[in-house]
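Okay, structure first, notes after.
Read-outs: derived from the displayed coordinates by stated rules, not from any lab. Just so we're clear, the structure is a prediction, and the values are computed from it rather than from any experiment. As a convention, Cβ positions derive from the backbone with ideal geometry for all residues, glycine included, and neighbour counts pool all protein chains shown.
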Amino acid sequence: MRLESLVPSIPTELVAALDDSCGIRTDTDLLFFGSSLDIIKKLPLGTVTLSDLQKFTELVAEQASAPGHRGDEVLVDLGRISEKHSQASCGVKELDDLVGGFGGSRVFEISGDKGSGKTALALQVVIQRLVADADSCALWIDTSGDFSAEKTAQLVRHVDMATSDKVLERLQVSLGFNIEAVYDVLESLRISLSSSCIVGPTVQCIVLDSITPLLLPSLSAVSSQGHAMMTTFMRQLREFAQTFRITIIVINGTSAAAPFNPRSAFASTIRKPALGPSFTFMTDCTLWLWKMKDAPDSEGPFSVHVAEVFRSRTTRSKTWCTFKISHGVLSSALDLQLSPPTGP
């Protein structure tokens, strides 16, 4: 959480001084910097009293704390997912059924090795949403500079040639090469969505491709600061989704899982989502993808993929389905004669 978002509860002058003198910009920076005395020694004389700094620090800690929720209330909220959102589709019925639709105020994690179809699936979810709802737009946060406008235009033309130009106008792409840049993008969007003068389509879906380079460098086995930063960021994403009724998709990389991944239905799965075991519990659904094989076809080559639910709040874990990708477009693989997959 950016400290500037707490103004005027915290004076603007203090927020600026903490940034200039101590490099403190977020709640994590403030809470893990050290004692209030350590901070005040670095601030210009007369900026704030020690007692006031302690009071403001307690305020930040209170704002950053996770609110409590009763289990029965959470269950009721899950049952209130609107029909419109629950039917948000990626265009492949088997995948939609696997996760209960790609809609609602939920945070999805899509993980898998390179070439498994993560970005293709997220892009198809976004395009299907934009085509189905002319009053919606989407935000794609690119953390690596790999977003392809050409592939996006190709997919839009495949889904709906007639409205392809209008659909692309409602897809916003922002670059965010570090966590601070992503915070800035989200804060700008928060201010926009909180405005009472919103005119035209509003953001209904956010994709973060990918989250791994933003958080992985800060994680350490000897320090808890990186984990605290990850927890804070993911909690804010969840709050963002629930406050503005937005679907958020975060794409995650992988790491080794020796000798195998116990969350998978396949004993031969030796990879797992990156960012540690606790990250899985910070999202509403973890979907694992892997490429099963490449196959020839009279209309061009395609690849067969498997999607497996590692964990979900609304559907069963260790369930899976197959799908195929041809020219960047996902489709059903039910017409293929496939033997059961044995794992990646």
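For the reader, a short list of remarks on this structure follows.
- In sequence order, the stretch 321-330 has phi-based couplings of 8, 10, 8, 10, 10, 10, 6, x, 10, 7 Hz under the Karplus curve 6.51 cos²θ - 1.76 cosθ + 1.60, θ = phi - 60°, and Gly or Pro positions carry x.
- Compactness ratio for the stretch 254-332: Cα radius of gyration over 2.2 N^0.38 Å (N = residue count) comes to 1.23.
- Here's the list of aspartates and glutamates a cross-link from LYS293 could span, going by alpha-carbon distance under 19 Å and ignoring same-chain residues fewer than 8 apart: GLU94, ASP113, GLU308, ASP335.
- Restricting the calculation to Cα atoms, every distinct pair contributes to the Kirkwood radius of the stretch 154-309, found to be 18.5 Å.
- Over the Cα atoms of the stretch 1-140, the radius of gyration divided by the Kirkwood radius equals 1.17; this is the Rg/Rh ratio.
- Estimated FRET transfer efficiency (THR319, SER278; beta-carbon r; R0 25 Å; 0.05): 0.65
- Taking a ≥ b ≥ c as the square roots of the eigenvalues of the Cα gyration tensor, the stretch 127-246 is classed as oblate, since a/c reaches at least 1.5 and a/b does not exceed b/c.
- Across the stretch 238-279, the convex hull enclosing all Cα atoms gives 92 Å³ per residue.
- Euclidean distance of C-alpha centroids, the stretch 200-268 and the stretch 1-29, integer Å: 25
- Computed from the C-beta positions of GLU4 and SER144 and an R0 of 30 Å, the FRET efficiency is 0.65 to the nearest 0.05.
- For the chain, hydrophobic long helices are taken as DSSP H runs at least 18 Å long by C-alpha position along their axis with mean Kyte-Doolittle hydropathy of -1.0 or more; these are 50-64, 118-132, 179-194, 225-244.
- Prolate/oblate/rounded label for the stretch 201-273 (Cα gyration tensor, a/c 1.5): oblate
- Net charge of neighbours whose Cβ lies under 14 Å from the Cβ of ILE39, counting Lys and Arg as +1 and Asp and Glu as -1: -3
- Sequence-distant contacts, meaning Cα pairs under 8 Å at least 6 residues apart, place the relative contact order of the chain at 19 percent.
- Tensor-based shape of the stretch 3-64 (alpha-carbon gyration tensor, a/c under 1.5 rounded, otherwise prolate or oblate): rounded
- Linear extension gain, GLN225 paired with LEU336, 0.36 nm per residue minus alpha-carbon span: 35.1 nm
- Relative contact order (%) - the stretch 215-313, alpha-carbon pairs under 8 angstrom, separation at least six: 19
- For the stretch 301-325 versus the stretch 129-175, the inter-centroid distance based on Cα atoms is 24 Å.
- Proximal lysines to LYS291, defined as alpha-carbon separation beneath 30 angstrom and excluding residues fewer than eight positions away on the same chain: LYS93, LYS114, LYS118, LYS151, LYS272, LYS318, LYS324
- The length gained by stretching the chain between SER65 and CYS197 to full extension, at 0.36 nm per residue less their Cα-Cα distance, is 44.5 nm.
- Inter-label distance, GLU73 to LYS151: 4.2 nm, where each label sits 7 Å from its Cα along the C-beta direction.
- Between GLN54 and SER298, the FRET efficiency estimated from the beta carbon spacing at R0 = 45 angstrom works out to 0.05.
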